[in-house]
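Participant: Attaching a single structure in structure tokens format; questions to follow.
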Amino acid sequence: MNEPTEASVRAEVRAWLEANWNPDLGLVEWRNKLADSGWGVPHWPKQWYGRDLPVAFNTVVDEECHRIGDPRTEEGRALLKARSPLHRAGDITKPMLIGHGANDVRCKVAEADQIVAAMQAKDIPVIYVVFPNEGHGFHHPANNIAFNAITEAFLARHLGGPCEAVGDDFAGSSHDIRAGNKLLAGLGIV
């Protein structure tokens, strides 16, 4: 087994924080998540929900938590909440196109649902398309083609200009248009 280094611990905790931070979690929920992952008290043994790291690496973990906004403090949670798009949805004033992979582990569909609901509550035009067989980024060519067709229609509608006929651009795509059908009507998309 390789001995941990400052760089390896920093990379690991940074990746975990980026994948798991959720500003909507309460303090108890967040602490439980940290404990379950071993990052809550990383120098404790694994059987005690630690990571068996030398105590010197606690500083690295603390620095990484502070880098994103320390979720273990009220101030840190306030900072993270201020940065979160979920808590800024009410500030959106322009039309938006949202394409989302249902299997995205970084940004959950439920988070996009909240943005869409906030926009719809303010009657701001939104097109929301979920691709059930995609994650964070689109990897299936048919889905890329379909989303490009929707993007072209969205831009034509809101910026002006031509829009090509859709034709068979949706062949083989897993797209699920969850909002914005009226915006796309007449373009051969819905």
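Participant: Checking the conditions here, which among I150, I177 is within 28 Å of H87 (Cβ to Cβ) and assigned to a helix (DSSP H, G or I)?
Facilitator: Numbers: I177 fails: assigned to a helix (DSSP H, G or I).
Just one listed residue meets the conditions, I150.
Participant: How about segment 121-134: which of its residues are under 25 Å from D168 (Cβ atoms) and loosely packed, with under 14 Cβ neighbours inside 10 Å?
Facilitator: So the first thing to find is which residues in segment 121-134 are under 25 Å from D168 (Cβ atoms), and the list is 127-134.
Answer for segment 121-134, where residues must be under 25 Å from D168 (Cβ atoms) and loosely packed, with under 14 Cβ neighbours inside 10 Å: just P132.
Conditions (1) surrounded by 18 or more Cβ atoms within 10 Å (Cβ to Cβ); (2) not assigned by TED's automatic domain parsing to the domain that holds A15, marked per residue:
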| residue | (1), (2) |
| --- | --- |
| G76 | no, no |
| I98 | no, yes |
| A102 | no, yes |
| C107 | no, yes |
| M119 | yes, yes |
| G137 | no, yes |
| C163 | no, yes |
| H175 | yes, yes |
| G180 | yes, yes |
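Participant: Scanning for something more than 22 Å from the chain's Cα centre (by Cα) and within 28 Å of D91 (Cβ to Cβ), does segment 122-140 turn up at least one residue? It would help to see each step written out before you state the result.
Facilitator: Here is the first cut: in segment 122-140, the residues more than 22 Å from the chain's Cα centre (by Cα) are 122-123.
The next check asks that each one be within 28 Å of D91 (Cβ to Cβ); those that pass are 122-123.
Yes - at least one qualifying residue is present in segment 122-140.
The values are calculated or read from the model by the stated rules, or taken from the named source; none is laboratory data. Source: prediction; values computed, not measured. FYI the Cβ positions are ideal-geometry reconstructions off the backbone, even for glycines, and counts take in every protein chain you see.
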